Amino acid sequence: MDTKDSKFIDEKLRKIIKRYYTGEDLHIDDDSSLRYDLDLDSLKTMEVCLECENKFNVRISNIEIVKCRTYGDLKSLIERKLP
């Protein structure tokens, strides 16, 4: 996957996560914990993944969702799923 695709994924994924973030200042990097840094509990994480499925036209299993602990994990998962 080239940088343009990676930037596209990153921009779209950040927009999705921002809709669910309830804190003051949002700082996202690849090491940001979905739960602790981005304030995504299990329900919000599931909703984010459902939006990702629709936005990127991919399928994400429940097992794959559980394995995603960081923003980088989720972004990498989506990158791997795209053709």
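The values are calculated or read from the model by the stated rules, or taken from the named source; none is laboratory data. This one's a predicted model, so the numbers in the text were calculated from it and none came from an experiment. Virtual Cβ from ideal backbone geometry, glycine too; neighbours counted across all protein chains shown. For accessibility, only protein heavy atoms count, side chains too; no ligands or nucleic acids. Shrake-Rupley method; radii C 1.70, N 1.55, O 1.52, S 1.80 Å.
Observations, loosely collected:
- One residue from Asp30, Asp5 being more than 13 Å from the chain's Cα centre (by Cα), touching a residue at least 24 places away in the same chain (Cβ under 8 Å) and surrounded by fewer than 17 Cβ atoms within 10 Å (Cβ to Cβ): Asp5
- Take the conditions (1) touching a helix residue (DSSP H, G or I) at 6+ places or on another chain (Cβ under 6 Å); (2) open to solvent by 100 Å² or more (accessible area, probe 1.4 Å); (3) of a type outside the set (A, V, I, L, M); Tyr20 misses just one of them, which is (2).
- Residue selected from region 47-80 under the condition hydrophobic (A, V, I, L, M, F, W, C) and farther than 18 Å from Ile9 by Cα, by the criterion surrounded by the most Cβ atoms within 10 Å (Cβ to Cβ): Val66
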